[in-house]
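Encoded as structure tokens, the structure appears first; notes follow it.
The values are calculated or read from the model by the stated rules, or taken from the named source; none is laboratory data. This one's a predicted model, so the numbers in the text were calculated from it and none came from an experiment. In case anyone asks, the SASA skips ligands and DNA or RNA and just uses the protein heavy atoms, side chains included. Shrake-Rupley method; radii C 1.70, N 1.55, O 1.52, S 1.80 Å.
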Amino acid sequence: MTQIDSSRPELRKVLFVNSGNFHLAELDLRQPTHMHGGNNAGKTTIVNALQFAFIDKFGSMVWDEHGSPETRQHYFKQFSSIVFEVNTPSGFQCLVIHGLGPGSAFKYERWVYSGSLEPSKYYSENKGVISPVDTADLKLYLAGMDARKLNEKDVEKWVSGRGESPFSVAPLKRA
């Protein structure tokens with residue numbers, strides 16, 4: 001069993017709610033992960049979604065043969081979320097990618113807050129049916145977590161570890 005260094009920044013969990021092929025999926029990445037499944041099971045959706053945690057500009061991401069509008073529609077349906085929990089030297093923090101749906105051409109917002117991932121804050125369950133929380137409820141939760149909305153420059157600082165980056169997932173070795 002490999003011991004994980006808790007002082008080292010690392011991606012710990014990923015949650016998909018109404019995003020890609022998933023109504024709800026949670027992955028625990030603290031240990032090695034093996035994915036297998038048939039075509040359209042969501043393997044590539046998961047791997048490609050990791051780009052949202054490591055690449056600051058959507059236009060710099062690689063999406064196989066799909067174009068940007070098609071890809072945004074795939075990931076950012078109405079009330080969709082992809083949430084990354086990251087362990088940092090200062091504790092757990094979450095990066096939330098929230099889809100704005102068809103009314104906003106399937107664009108998204110990025111939010112960040114200190115604390116652990118609580119999946120149940122992103123969806124509700126009624127008689128076995130999973131429903132994503134609506135934007136208003138999600139924003140109330142984010143406000144309660146003192147989350148701040150990130151722009152591309154903030155994300156670039158987060159990825160590279162420059163400035164007052166809260167995550168520093170991939171520290172910049174040289175400019």
(request) Please give the solvent-accessible surface of residue 34 in Å², to the nearest 10, using a probe radius of 1.4 Å with every protein chain present. (result) 150
(message) Can you tell me which of 111, 158, 63 moves the most in a GNM of the chain? Springs connect C-alpha atoms under 10 Å apart.
(response) 63
(message) At q = 0.13, 0.15, 0.19 Å⁻¹, what log₁₀ I(q)/I(0) does the chain have when each alpha carbon counts as one equal point scatterer in the Debye sum?
(response) -0.65, -0.88, -1.43
(request) Please list, in chain and number order, the residues 5+ apart from residue 123 or on another chain whose amide H is under 5 Å from its amide H, with Hs placed from the backbone. (result) 133
(request) Select from 150, 11, 27 the residue whose mean-square fluctuation is largest in a Gaussian network model of the chain (Cα-Cα springs shorter than 10 Å). (result) 27
(message) Taking the alpha-carbon distance from residue 57 and a cut-off under 18 Å, which lysines remain once sequence neighbours fewer than 8 residues away in the same chain are dropped?
(response) 107, 149, 153, 157
